[in-house]
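Colleague: Below you will find the structure I want to go over with you.
The values are calculated or read from the model by the stated rules, or taken from the named source; none is laboratory data. The model shown is predicted, which means the values in this text are computed figures rather than measured ones. No Cβ is skipped: glycine too gets one built from the backbone with ideal geometry, and neighbour counts run over all protein chains shown. Areas reflect the complete protein model, heavy atoms only, side chains present, ligands, DNA and RNA absent. Shrake-Rupley method; radii C 1.70, N 1.55, O 1.52, S 1.80 Å.
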Amino acid sequence: MKTKNRPKRIRILNLNWTVKFVNKSCKETSQAWGWCDPSEQTIFIYEDQKPDAMADTFLHECLHAIVFSLGADVKEEENIVHRIATGLCTVWKQNPSAFKWWESLL
């Protein structure tokens, strides 16, 4: 499992979030691959995932944090976040040069 350069913090809008990678016991307790705790501004990611699944989970939880940070009331948030995260991961993976260009614009 890739552990190098894992983020410990991420800034989402004007909020600083902690990113924690958790082990199997936390996953069994939560029954999730990851979760977002807005009250603690912490994103938790189960560490024993294949890289593509972890990428999807990380983006998924960041999207939850964005929804929270915007104060948005999104109906069916879990369903929407799940589909957008998977879609973006697919587009990103299939078009890496487009995202390198995109990153250069920022």
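Colleague: Out of the residues in region 1-53 that are within 13 Å of the chain's Cα centre (by Cα), open to solvent by 50 Å² or more (accessible area, probe 1.4 Å) and among the acidic types (Asp, Glu), which is modelled with the highest pLDDT?
Modeller: Applying the filter and picking the extreme gives GLU47.
Colleague: If a residue must be open to solvent by less than 100 Å² (accessible area, probe 1.4 Å) and either hydroxyl-bearing (Ser, Thr, Tyr) or in contact with an Asp or Glu (Cβ under 8 Å, 6 or more places away or on another chain) (or both), how many such residues does region 70-106 contain?
Modeller: Residues meeting the conditions: 6.
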